[in-house]
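I have placed the structure first, in the form of structure tokens, so that the comments after it can refer back to it.
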Amino acid sequence: MKLPAAALLPFLLQLSLVAAAAAQVTGAAPGCPTICAGVSVPYPFGIREGCYLEGFNLTCDRTSGQERLLIGGAGSTLEVMEISLANSTVRVRNTAGAVQLEGSRTPITIGRPYYRVNFTGMDPAQEMDSLLREALVRVAETDWFGTSAARANSSRGAAMPLVLEWVVDSKRLRQAEDPPGWAATGCPNDAGTSECRSSHSSCSNVTNNYRTGYVCRCKDGYQGNPYLAGAGGCQDVDECAQPDKFMCSGVCTNTPGGYHCVCPPRSRGNPRIRDGCVKSSLSLGLSIGIGIGSGAALLFLVLGAIFVTQKLKRQRAKVSKQKFFKQNRGHLLEQLVSQKADIAERMIIPLVELEKATNNFDKAREIGGGGHGMVYKGIMLDLHVVAIKKSKVAIQKEIDEFINEVAILSQINHRNVVKLFGCCLETEVPLLVYEFISNRTLYHHLHVEEPEASLPWVERLRIATETARALAYLHSAVSFPIVHRDIKSQNILLDGTLIAKVSDFGASRCIPLDQTGDETAIQGTFGYLDPMYCYSGQLTEESDVYSFGVLLMELLTRKKPCSYRSSGEKSLVAYFTSLLAEGDLSSVLDPQVMMEGGKKIEEVIMLAAACVRMEGGQRPTMRQVEMTLESLQVSHENVVMGVIDAQGYTMIEGGSTEEVSRQYSREEEYLFSSRCPR
């Protein structure tokens with residue numbers, strides 16, 4: 001039987017370098033060179049003294065003008081091409097001649113072109129072609145045999161690369177349990193004597209036919225130099241950054257010495273193979289279940305939070321209501337007791353009813369605002385329509401005025417005074433509930449853009465009479481005289497039949513019968529304000545008379561007395577009285593009044609002039625004013641004003657204008673010496 005030609009393949013003879021390691025050496029010293037001739041020199045190899053493990057010294061030769069890295073000391077011709085710590089190998093080549101390597105069982109000369117080898121069959125019965133009994137064997141690196149250099153003439157002695165495997169010699173001591181003939185061939189028992197310095201390295205025994213000792217390897221998941229400790233040693237490999245080498249088709253997480261690879265949420269399978277994760281068939285149902293559960297839990301938490309918040313809010317509101325109720329009720333009772341008046345508990349209305357009536361005080365329910373608060377339209381539970389006044393700001397002044405208004409209106413029951421139904425004491429500033437007057441105020445009806453749409457004279461005269469009747473009632477028909485202190489066209493409400501209703505009693509004051517006046521802070525509206533009251537601060541019923549006289553002038557002229565003018569312009573009162581003194585009122589009177597009024601106009605003019613006299617004692621009382629206006633309504637011919645003193649008649653009969661001029665001059669003096677805005 002002939003041996004196939006393919007059996008005559010070249011083979012690689014592996015060699016070993018065995019080094020004796022000294023236990024005292026712990027690693028390369030700082031500053032050791034690590035590159036020569038472009039070849040990296042890792043420890044345990046080294047170029048300088050103190051940079052290598054004993055037996056691993058190299059030489060960086062520069063004698064030829066070109067760097068060469070040589071194994072051993074000076075004079076070596078074995079050039080190092082590459083050093084691998086992972087494989088414990090050294091790639092070398094030699095072109096200078098044969099090199100005898102010791103350390104293998106059979107000494108081998110490196111650099112010879114070839115070896116002649118005789119082949120003998122293992123089976124004597126087998127036949128072998130005589131031409132194949134001898135073969136030429138070259139010692140070289142395995143991959144070299146396919147190159148053009150390998151096919152060159154063997155006699156040329158071309159340089160051939162070799163791969164040398166190396167190990168670290170073991171120095172461990174013999175143990176009692178070691179068998180006879182034992183030799184140190186494995187890893188040291190004492191880790192302190194091992195050259196595997198990295199904390200992430202391991203020692204591997206090496207025992208075969210041509211070498212004995214051990215090598216150091218980085219543990220799985222680490223790479224670097226196992227012969228060095230610290231940062232220069234074995235370091236963690238980031239497997240997630242190398243997807244081609246460490247496959248992970250799912251979610252990759254690097255860990256010390258390894259990595260975790262799991263399929264993404266709602267998928268399953270093997271994430272360590274390509275496309276190994278597939279969407280789970282249960283993911284949709286599971287997602288729906290989780291979503292429903294999470295939604296229910298979130299809804300429960302939200303509802304719970306809302307419930308707790310509302311409960312705390314209601315509790316705080318309840319405490320505040322109780323606090324304000326006690327506080328305001330105490331102030332109110334104090335006012336009423338001081339005036340010897342009484343108010344029934346039925347007039348106290350709960351806040352919740354007013355909130356329902358106004359839709360929580362919706363802006364759409366606002367119907368106006370007085371000087372002391374905003375007014376809302378409300379519909380009570382019995383479908384009764386009311387007006388609810390709420391303070392703009394919560395200051396003590398507003399609280400006092402609201403309570404004062406309740407105390408005043410609780411004593412009043414008059415057809416021409418707005419009726420107070422009740423109040424709410426559960427807010428910081430009390431809320432007042434009045435009868436609802438649907439036809440706005442005298443101001444809105446009087447000061448319209450189209451003159452022909454204004455009130456006719458007969459209605460103006462009737463409204464003036466009803467207002468005078470209400471003021472006369474306040475001044476004389478109640479237990480204590482009440483001074484309104486803010487009579488103006490904006491505070492005269494008109495119902496559907498134009499019946500006058502005096503409103504806004506926030507600034508009103510009760511004056512005891514044994515007092516001639518009440519010294520108090522100035523309040524009122526500029527243009528209607530009594531100059532004597534503004535000058536002296538002494539409040540009397542005559543202050544209302546003055547304001548009513550201004551209202552009469554407003555009805556006669558349809559001009560606004562409270563409009564702000566420059567200092568050089570005259571007020572309505574000054575303008576009116578000066579024209580009266582000159583006998584030229586026709587230029588200021590409303591044409592509609594002159595057309596419809598007849599002779600009654602003169603009497604109303606003189607009544608208005610009498611009401612605004614500078615000295616309060618010279619003014620008529622509101623009862624006298626009421627009777628005069630009623631007489632004008634009853635008889636068109638009777639112009640006798642017996643209730644007005646003779647000084648007034650001299651002006652009616654066309655007497656001297658000296659007094660009117662003096663009245664105008666004194667009024668101007670007071671007005672310009674004390675500007676008293678509200």
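The values are calculated or read from the model by the stated rules, or taken from the named source; none is laboratory data. Note that this is a predicted model, so its numbers are computed, not measured. Cβ sites come from the backbone with ideal geometry, for glycine too, and all protein chains shown count toward neighbours.
Here SER547, SER543 are screened, and the one residue that is in contact with a strand residue (DSSP E or B) (Cβ under 9 Å, 6 or more places away or on another chain), within 12 Å of ARG485 (Cα to Cα), modelled with pLDDT of 90 or more and in the same structural domain as ILE605 (by TED's automatic domain parsing) is SER543.
Let's see how each residue does on (1) modelled with pLDDT of 85 or more; (2) surrounded by 18 or more Cβ atoms within 10 Å (Cβ to Cβ); (3) in contact with a Cys (Cβ under 8 Å, 6 or more places away or on another chain); (4) among the acidic types (Asp, Glu):
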site	(1), (2), (3), (4)
ASP238	yes, no, no, yes
THR255	yes, no, no, no
TYR259	yes, yes, yes, no
LEU282	no, no, no, no
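Could you count how many residues in segment 218-255 are within 17 Å of VAL41 (Cα to Cα), in contact with a Leu (Cβ under 9 Å, 6 or more places away or on another chain) and not aromatic (Phe, Trp, Tyr)? Here the count works out to 4. Here is the figure for segment 235-284: residues that are touching a helix residue (DSSP H, G or I) at 6+ places or on another chain (Cβ under 8 Å) and in a strand (DSSP E or B) total 6.
For segment 337-360, residues that are under 38 Å from the mean Cα position of the chain (by Cα), at pLDDT below 90 and under 21 Å from SER503 (Cα atoms) total 0. Could you go through segment 319-326 and let me know if any residue there is at pLDDT 70 or above, surrounded by 10 or more Cβ atoms within 10 Å (Cβ to Cβ) and more than 22 Å from SER391 (Cβ to Cβ). Scanning segment 319-326, I find no residue that is at pLDDT 70 or above, surrounded by 10 or more Cβ atoms within 10 Å (Cβ to Cβ) and more than 22 Å from SER391 (Cβ to Cβ), so the answer is no.
Matching residues to (1) in a loop (DSSP other than H, G, I, E, B); (2) charged (D, E, K, R); (3) outside the structural domain of ASN491 (by TED's automatic domain parsing); (4) buried (at least 21 other Cβ atoms within 10 Å of the Cβ):
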| residue | (1), (2), (3), (4) |
| --- | --- |
| GLU449 | yes, yes, no, no |
| GLU452 | no, yes, no, no |
| ARG460 | no, yes, no, yes |
| ILE463 | no, no, no, yes |
| ARG469 | no, yes, no, yes |
| TYR473 | no, no, no, yes |
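Tell me, please, whether a residue that is at pLDDT 85 or above, touching a Phe, Trp or Tyr at 6+ places or on another chain (Cβ under 7 Å) and assigned to a loop (DSSP other than H, G, I, E, B) can be found in segment 10-25. No, every residue in segment 10-25 fails to be at pLDDT 85 or above, touching a Phe, Trp or Tyr at 6+ places or on another chain (Cβ under 7 Å) and assigned to a loop (DSSP other than H, G, I, E, B). If you go through segment 198-224 and pick out every residue that is part of a loop (DSSP other than H, G, I, E, B) and in contact with a Gly (Cβ under 6 Å, 6 or more places away or on another chain), you end up with 3. If you go through segment 566-621 and keep only what is loosely packed, with under 14 Cβ neighbours inside 10 Å and in contact with a Pro (Cβ under 8 Å, 6 or more places away or on another chain), you end up with just PRO591. Inclusion of GLU82 among residues that are surrounded by fewer than 17 Cβ atoms within 10 Å (Cβ to Cβ) and at pLDDT 90 or above is warranted. Here is the figure for segment 609-625: residues that are closer than 17 Å to LEU556 by Cα and part of a helix (DSSP H, G or I) total 4. Taking segment 369-411 as the search range and keeping residues that are outside any strand (DSSP E or B) and among the β-branched types (Val, Ile, Thr), which one is modelled with the lowest pLDDT? Within segment 369-411, the match that is modelled with the lowest pLDDT is VAL393. Taking each residue of segment 451-468 that is more than 13 Å from ARG558 (Cβ to Cβ) and looking for partners that are of a type in the set (S, T, N, Q) with beta-carbon atoms closer than 8 Å, six or more apart or interchain, yields LEU461/GLN633; ARG462/GLN633; THR465/GLN633; GLU466/ASN416; THR467/ASN416.
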